[in-house]
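Structure first, commentary second.
The values are calculated or read from the model by the stated rules, or taken from the named source; none is laboratory data. All figures in this text were calculated on a predicted structure; none of them were measured in a lab. Here the Cβ positions follow ideal geometry from the backbone for every residue, glycine too, while neighbour counts run over all protein chains shown.
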Amino acid sequence: MKIGNLKFIPQDRTYLMGILNITPDSFSDGGKFSVLDNAVEHAVLMEEEGADIIDVGGESTRPNHLPVSTEEELTRVIPVIKKLVKKLKIPVSIDTSKAIVAKEAIKAGALMINDVWGFKKDSEIAAVAADTGVVCCLMHNRDNTNYSNLITDIKNELLESIKIAMDAGVKKDKIILDPGIGFGKTVEQNIEVIANLFEIVDMGYPVLLGTSKKSMIGISLDLPVEERIEGTIATNVIGINSGCSIIRVHDVKENLRAARMTDIILKNKTISGINNAR
């Protein structure tokens, strides 16, 4: 898989997606990067710290967030994307569920669609992905937490998203899956999904894991947002061990170091002592 100039080879190493929220109300960094220059500066910093992709979002997806209009979302993200593609060497992703926003973001230079509704919210977004040939990340999401069998239901609902994408003409090698930690799941269900991520990986697509600073970590450890880095790292290490290919994070430097150490242990069999370690 290629995302712009990025040769995405999951078996080689873990890739990092840096989060850039252009919103006043995101749970972790709401308002910090709503000024254009601040957003660009932070994206450049994330690239310097080792991010492989920058994911730009113009609408908060936190619980009970206030929806924004298409026009407002475009106003937030398009100027940022246009500036980022001139500044960065790494690809830019658009975090949206709106077809018009995705289309305009790709025109502005975005090379990936990251849809938290897995192409189920806007019936036209799959066609945008197919027509432009960009990579798309399909996240599991739903409006309730009433599962018959949690993991089986998530897999089946992800298959629905895959079918929507493929029916529109999206190629299999352009699809990434996201189990949707923090979306349509209780804290206990989120933990169960993380414990069983290998089942999502076994579906045969690259898997993106997004746990960064989420309430599951805060509730489990009784910590505020600004103190959830270690909990985030723990979930990402488990994800990498389960076969996840991309981790989506706010704190690139710290998570990169943890990911690289995990990769050395799991993937680099030439490191002295690892093969025979007991």
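For segment 84-116, the tally of residues that are part of a loop (DSSP other than H, G, I, E, B) and buried (at least 21 other Cβ atoms within 10 Å of the Cβ) stands at 8.
Taking the criterion of being assigned to a loop (DSSP other than H, G, I, E, B) and either within 16 Å of Leu208 (Cα to Cα) or not charged (D, E, K, R) (or both), would at least one residue in segment 159-174 satisfy it? Yes: one or more hits. Across segment 19-64, the number of residues qualifying as assigned to a loop (DSSP other than H, G, I, E, B), modelled with pLDDT of 80 or more and either more than 16 Å from Thr96 (Cα to Cα) or aliphatic (A, V, I, L, M) (or both) comes to 4. Being at pLDDT below 95 and of a type outside the set (Ser, Thr, Tyr) is true for just one of Val225, Val207. Which residue is that? Result of the check over Val225, Val207: Val225. Identify, please: which residue in segment 199-224 is surrounded by 15 or more Cβ atoms within 10 Å (Cβ to Cβ) and farther than 22 Å from Thr145 by Cβ and is, among those, farthest from the chain's Cα centre (by Cα)? It comes out as Leu223.
For Lys107, indicate whether it is farther than 23 Å from Asn38 by Cα and among the basic types (Lys, Arg).
Values: farther than 23 Å from Asn38 by Cα: no; among the basic types (Lys, Arg): yes.
The answer is no for Lys107.
In the condition set (1) touching a strand residue (DSSP E or B) at 6+ places or on another chain (Cβ under 8 Å); (2) part of a loop (DSSP other than H, G, I, E, B), Lys213 is compliant with all but (1). Within segment 196-207, restricting attention to residues that are touching a residue at least 12 places away in the same chain (Cβ under 8 Å), of a type outside the set (Asp, Glu) and in contact with a helix residue (DSSP H, G or I) (Cβ under 9 Å, 6 or more places away or on another chain), the residue that is nearest to Cys244 (Cα to Cα) is Val207.
Scanning segment 127-160 for residues that are of a type in the set (D, E, K, R) and closer than 22 Å to Asp173 by Cα, which turns out farthest from the chain's Cα centre (by Cα)? Result: Asp131. One residue stands out in segment 177-195 among those that are of a type in the set (D, E, K, R) and in contact (Cβ under 8 Å) with a residue 40 or more places away in the chain: the one that is surrounded by the most Cβ atoms within 10 Å (Cβ to Cβ), namely Asp178. Pairs needed: first member in segment 253-266, more than 17 Å from Glu49 (Cα to Cα); second member anywhere, part of a helix (DSSP H, G or I) and not aliphatic (A, V, I, L, M); C-beta distance under 7 Å; at least 6 residues apart or different chains. Pairs that qualify, where the first residue is more than 17 Å from Glu49 (Cα to Cα) and the partner is part of a helix (DSSP H, G or I) and not aliphatic (A, V, I, L, M), are Thr262/Asn241; Leu266/Asn241. Residue check: is Ile81 closer than 20 Å to Asn38 by Cβ, under 19 Å from the mean Cα position of the chain (by Cα) and assigned to a loop (DSSP other than H, G, I, E, B)? Against the criterion (closer than 20 Å to Asn38 by Cβ, under 19 Å from the mean Cα position of the chain (by Cα) and assigned to a loop (DSSP other than H, G, I, E, B)), Ile81 does not qualify.
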